[in-house]
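Below is one structure; the comments refer to it alone.
What follows draws every value from the coordinates through simple rules; no lab data is involved. Please read all numbers here as calculations on a predicted model, not as lab measurements. Quick reminder, even Gly has a Cβ in these numbers, built from the backbone with ideal geometry, and neighbours come from all protein chains shown.
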Amino acid sequence: PKETAGPKTSTKIGITVAENSSDLMKRYSLKERKGLVVMDVQRGSEGNALGVQPGDVILEINKKPLNNVSDWERIMASKGKTLAMLISRGGQTLFISAE
């Protein structure tokens with residue numbers, strides 16, 4: 001059987017995200033098809049301080065939609081001091097911001 005590589009991931013501010021997939025939708029019981037799925041949050045990191053949790057789906061950062069890991073890396077590289085995230089958690093949409 002052909003082995004499938006895991007999803008492409010990236011870690012910034014202590015948050016590890018992966019591109020959404022049917023496997024992740026099943027694993028975390030997600031309804032969202034878009035955005036990036038939070039796989040891990042490092043304790044004591046900026047992401048942890050923001051309250052981001054594994055299983056969250058980050059839909060937007062600073063009003064820019066996230067479609068893939070490249071979007072995440074590009075937006076995080078140019079985010080400046082303000083960080084505003086639109087997150088889907090358990091079917092509810094949350095807005096988290098930090099300065």
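In plain terms, the chain from Gln92 to Glu46 could stretch by 14.3 nm, reckoned as 0.36 nm per residue minus the Cα-Cα distance.
Considered as an equivalent ellipsoid built on the Cα gyration tensor, the chain has semi-axes of 21, 15, 13 Å, the largest given first. Here the spin labels are modelled as points 7 Å beyond Cα on the Cα-Cβ line, and at Arg27 and Ala84 they lie 3.1 nm apart.
Would you mind working out the magnitude of the charge dipole of the stretch 10-50 relative to its Cα centre, with +1 at each Lys and Arg C-beta and -1 at each Asp and Glu C-beta, to the nearest 20 Debye?
Working: 7 positive and 5 negative charges, 31 e Å.
Taking the Cα centre of the stretch 10-50 as origin, the dipole is about 160 debye.
Taking a straight line from the alpha carbon of Lys12, these lysines sit under 17 Å away, with near neighbours fewer than eight places off in the same chain left out: Lys64, Lys79, Lys81.
Take every pair of alpha-carbon atoms less than 8 Å apart whose residues are at least six positions apart; their mean separation over the length of the chain yields a relative contact order of 24 percent.
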